[in-house]
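Enquirer: Sharing a structure below in structure tokens format, with a few things to ask.
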Amino acid sequence: MTRPARSRAKRLGRRLGILALATFVSVPTAIWSFQIMKAVWAPPAGPAPASCAAGITGLLHALERARAAAHHASAGEQKNLAAFRAALLPEWESRPALVPACRAEPNRLAVLKEIDALRYAEEHAIRYEAGALSGQRRRAREIERDLAPETTNRPSPDLNPEKP
């Protein structure tokens, strides 16, 4: 009689262990999945712009500012992207709030999609440019190092043509 009681306790222990492990794994996975889905499909709207046109204009100005910031950074792909994304703020924080503001004018929604495409194209251009130019920039530094002994022995060119 002790044998069946022992096997029953063993089965119960295994089931409780499986239940504890499943709970330990599935609960955090479900919570994190919900947080990710919420961030992707229902991002916080941010401050609402005064109007649809003002919001779109703000996005365009932020894109110009971000493009200039990334161009001036010239420190590699990651730093250029960080400068680009930092310069987009604060206007792009209100981007999700523009959809309801522009919903009354369907052509403005199309313009908004166009601006989104432009932003991602600009980011892609920063990544592509950094990747494509890095080899050329490295080669230019090598050429400069190779030419350094020749240029140090030469006299500097006279920039004042009025001297006799």
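Enquirer: Quickly work out the residue 12-to-residue 27 label distance, labels modelled 7 Å from Cα along the C-beta direction, and quote it in nm with one decimal.
Expert: Modelled inter-label distance: 2.2 nm.
Enquirer: Suppose R0 equals 30 Å. What FRET efficiency, 1/(1 + (r/R0)^6) with r the Cβ-Cβ distance, do residue 51 and residue 125 give to the nearest 0.05?
Expert: Efficiency, rounded to the nearest 0.05: 0.50.
Enquirer: Could you list, bin by bin from short to long, the percent of Cα-Cα pairs of segment 43-147 in 5 Å steps?
Expert: 2, 13, 19, 18, 14, 11, 8, 5, 3, 3, 2, 1, 0
Enquirer: Could I ask something else about it? Of the options 86, 106, 58, report the single residue whose Cα projects farthest towards the positive end of the charge dipole of segment 43-147 (beta-carbon charges: Lys, Arg +1; Asp, Glu -1).
Expert: 86
Enquirer: How far is it, in nm, from the label point at residue 144 to the one at residue 19 when both lie 7 Å from their Cα along the line to the Cβ?
Expert: 7.0
Enquirer: If neighbour count is taken as other Cβ atoms inside 10 Å, put 114, 93 in order from fewest to most.
Expert: Listing 114, 93 from fewest to most nearby Cβ atoms yields 114, 93.
Enquirer: Which FRET efficiency value, to the nearest 0.05, do you get for residue 64 and residue 40 by plugging their Cβ-Cβ distance into 1/(1 + (r/R0)^6) with R0 = 25 Å?
Expert: So the FRET efficiency works out to roughly 0.35.
Values quoted throughout were computed directly from the atomic coordinates according to the rules given, and no laboratory measurement underlies them. None of these values were measured; they are calculated from a predicted model. Glycine gets a Cβ as well: all are built from the backbone with ideal geometry, and neighbour counts include every protein chain shown.
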